[in-house]
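The values are calculated or read from the model by the stated rules, or taken from the named source; none is laboratory data. Nothing here was measured: the structure is a model prediction, and the numbers come from that model. With ideal geometry, Cβ positions are generated from the backbone for all residues, glycine too; neighbour counts draw on all protein chains shown.
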Amino acid sequence: MSLPFSQACENNKAPILEILLRIFSESKHVLEIGSGTGQHAHFFAPRLPHLIWQTSDVEENLADIKRWLDICEAEQPKPLLLDMLKPVWPDNYDAVFSANTAHIMSWNLTEKMVRHVGANLPENGKFALYGPFNYDGTFTSESNERFEQWLKSVSLDRGIRDFERVNACAQEVGLELMEDNTMPANNRTLVWKKLGS
């Protein structure tokens, strides 16, 4: 039986890794929110051997994630159930990574994710969020505008989020924007740091 595969997970994984190697260099335990198929964990964990990479997702994706973890070069903990509708957050992580989630979840759940990350990260903890974003209410490319149309055709709750709105939500919970990295194919990797109290 072939492994579950997502092209979105494969896109830009090498450029994302370059950023993670830098921003997570002093981190020890990363929580990945919305691990999907588990491909990112399979690729990143062996290349970030100083980290414990904790996958998580909704119930229906956990079996697929485990299949990728079972063939991973780096031993990793089993995937956790983490549903933004009723999140129960794990302890002891000092960094968070999430990719291709904000435009798939509703804005309400995206906001809830950011708020819970801010509430649960320790001081100086890092949060990296990858995906497409709009700026000043404008698409950054025609391809992103077409992507938005496709997202809305699947569900009206989906959509490319406005950077300013996401960042404002992050600031409200003590997350300070450190980096806004331009990625291939009109994506970004946003990085926040949790401020001290």
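If you check E26, E60, E18 for being among the acidic types (D, E) and farther than 19 Å from N100 by Cβ, only one passes: E26.
Would you mind stating whether I52 is surrounded by fewer than 23 Cβ atoms within 10 Å (Cβ to Cβ) and closer than 24 Å to E148 by Cβ? Against the criterion (surrounded by fewer than 23 Cβ atoms within 10 Å (Cβ to Cβ) and closer than 24 Å to E148 by Cβ), I52 does not qualify.
Of the set (1) modelled with pLDDT of 95 or more; (2) of a type in the set (F, W, Y); (3) over 18 Å from L129 (Cβ atoms), all apply to W68 but (1). Is one or more of the residues making up the range 134-152 under 18 Å from the mean Cα position of the chain (by Cα), closer than 24 Å to A45 by Cα and touching a residue at least 24 places away in the same chain (Cβ under 8 Å)? There is no residue in the range 134-152 that is under 18 Å from the mean Cα position of the chain (by Cα), closer than 24 Å to A45 by Cα and touching a residue at least 24 places away in the same chain (Cβ under 8 Å). Within the range 14-35, being assigned to a helix (DSSP H, G or I) and within 15 Å of T55 (Cβ to Cβ) holds for one residue alone: L20.
The residues of the range 157-197 that are over 15 Å from T101 (Cα atoms), touching a Ser or Thr at 6+ places or on another chain (Cβ under 9 Å) and among the aliphatic types (A, V, I, L, M), listed by number, are M183, A185. Criterion applied to E73, E32, E10 was being closer than 22 Å to G131 by Cα and surrounded by fewer than 20 Cβ atoms within 10 Å (Cβ to Cβ), and the one residue passing it is E10. In summary, L82 fulfils each of the numbered conditions (1) at pLDDT 95 or above; (2) surrounded by fewer than 22 Cβ atoms within 10 Å (Cβ to Cβ) with the single exception of condition (2).
Sort out which residues of the range 162-197 are small (G, A, S) and within 16 Å of M113 (Cβ to Cβ), and write them in order of number. Residues satisfying the conditions are A168, A170, G174.
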